[in-house]
Each structure stands twice: as C-alpha cells, then as structure tokens.
1. Against the definition (within 23 Å of residue 93 (Cα to Cα), open to solvent by 50 Å² or more (accessible area, probe 1.4 Å) and in a helix (DSSP H, G or I)), how does residue 131 come out, yes or no?
2. So which residues in the range 1-55 are modelled with pLDDT under 90 and of a type in the set (Gly, Ala, Ser)?
3. Taking residue 94 as the residue in question, decide whether it is at pLDDT below 95 and either out of contact with any strand residue (DSSP E or B) (no Cβ under 6 Å at 6 or more places or on another chain) or surrounded by fewer than 22 Cβ atoms within 10 Å (Cβ to Cβ) (or both).
4. Could you grab me the full set of residues in the range 1-27 that are open to solvent by 50 Å² or more (accessible area, probe 1.4 Å), over 23 Å from residue 83 (Cβ atoms) and either in a loop (DSSP other than H, G, I, E, B) or among the basic types (Lys, Arg) (or both)?
5. Restricting the range 28-83 to residues that are crowded, with 19+ Cβ neighbours inside 10 Å and not in a strand (DSSP E or B), which is farthest from the chain's Cα centre (by Cα)?
6. Return the only residue of 149, 109, 120, 82 being in contact with a Phe, Trp or Tyr (Cβ under 6 Å, 6 or more places away or on another chain) and within 22 Å of residue 53 (Cβ to Cβ).
7. Residues in the range 161-170: is at least one touching a helix residue (DSSP H, G or I) at 6+ places or on another chain (Cβ under 9 Å), among the charged types (D, E, K, R), at pLDDT 95 or above and open to solvent by less than 90 Å² (accessible area, probe 1.4 Å)?
Amino acid sequence: MITLRQWPHGSRELLNELYAECDQSMCLVRLPVPLPKEETDRYMHIIETGNNQGRPFLCFGIYLDDVLIGKTELTRYEEGSAEADIIIQKDYCSKGYGTKALQELISTARAEEWCERIIAYIDLQNRAALKLFAKAGFQKGRTFRADVAVYEQGSLRVETHSGLECVKELQI
C-alpha cells in the first residue's frame, strides 16, 4: 500500500540513498549523487522549515508499506498555484506507485486547501512522467524551453530541453 509521510527530519543519508536509486536522466532538475554537503544541508533546511525561498513547501516520502521508494513535493506560489515534483526509485517505476502517490498528493492538497491548482513542468522526452500526470487528470498547457544543469564526473554542463507544463485544477 502506498502512503505519503512527512519527510523525516535530519535524514540527509536517506535523501542521498534515494537519489542514488533514481534515474534523473529525464528530469529538468538533475542533482549530483551524492549531493554535496552544502546542497544537502540547504535542501534539508527547506524541508524542515517548510519554506522554499519565501514560498510554502511540503515534502513527503513515498512509502510502499514501510519501504521508502520515492519523494514528492509541492512549492506554493502567491497566485494560488503549486509546483509539483515526484521521483521514484528505478526498481519501482512503471508499476503504478507514482500514480497512487500523485493521487495522494492531490488529495492532501485539496483536503488542506493548500492550493487551487498544481502545475508540473515535464521534459518532453520523459514519456513516463507525461503519462503519469495525464493519468492523474493533469491537462497539457504551454510548451517551454529550459536550461538543465547536468553533473557528470564532478563537472557541470548546461543543456537546453523542451518541456510541457501540465496543470490540475483542484476545485476546492
């Protein structure tokens, strides 16, 4: 059974273990693994305070029974929208767990009246994510181009990718 639980405070090692088991090749934000200590500390501060550069922030671990298999988060913006992000370990992809986790995230946002709409920004090459958000009732929005930071063997390069904005109105 899939459940969302508040991300455990102080769990820097758990965060790095999760990202080591995830395929970020199609993500618009690609993080180095392991995360540098400064980056991990900065992100853990965002999780623990619920504040992402002045914006309300929610982060949940995705659990299959008692096993952490992914992470999902929402960052709320002033106009009533929230940006969603989800990542699942490679071994658990394409088995319906992401769909159930996203449905739980939507239910939580709706029940707590946390936002009016959820937006996801997805790389056009990421067919699995496009399918996941479509199954959860997200509508296709505008296309965009984004610069993606790619870390390889300790160095950083920037690639430009095309993406699609997907939107889910919550009807609170």
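The values are calculated or read from the model by the stated rules, or taken from the named source; none is laboratory data. No experiment lies behind these values; they were computed from the predicted model shown. Methodologically, a virtual Cβ is constructed for each residue, glycine included, from the backbone with ideal geometry; neighbour enumeration extends over all protein chains shown. Only protein heavy atoms, including side chains, enter the accessible area calculation; ligands, DNA and RNA are left aside. Shrake-Rupley method; radii C 1.70, N 1.55, O 1.52, S 1.80 Å.
1. Yes; evaluated as a whole, the condition is true for this residue.
2. Once the filter is applied, which keeps residues that are modelled with pLDDT under 90 and of a type in the set (Gly, Ala, Ser), the range 1-55 yields 10, 11, 20, 25.
3. yes
4. Selection gives 1, 12, 21.
5. 35
6. On the way: 149 fails: in contact with a Phe, Trp or Tyr (Cβ under 6 Å, 6 or more places away or on another chain); 109 fails: in contact with a Phe, Trp or Tyr (Cβ under 6 Å, 6 or more places away or on another chain); 82 fails: in contact with a Phe, Trp or Tyr (Cβ under 6 Å, 6 or more places away or on another chain).
Result: 120 is the single residue among 149, 109, 120, 82 that is in contact with a Phe, Trp or Tyr (Cβ under 6 Å, 6 or more places away or on another chain) and within 22 Å of residue 53 (Cβ to Cβ).
7. yes
Conditions tested, residue by residue: (1) open to solvent by 70 Å² or more (accessible area, probe 1.4 Å); (2) part of a loop (DSSP other than H, G, I, E, B); (3) among the charged types (D, E, K, R).
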residue: 87; (1), (2), (3): no, no, no
residue: 118; (1), (2), (3): no, no, no
residue: 137; (1), (2), (3): no, yes, no
residue: 143; (1), (2), (3): yes, no, no
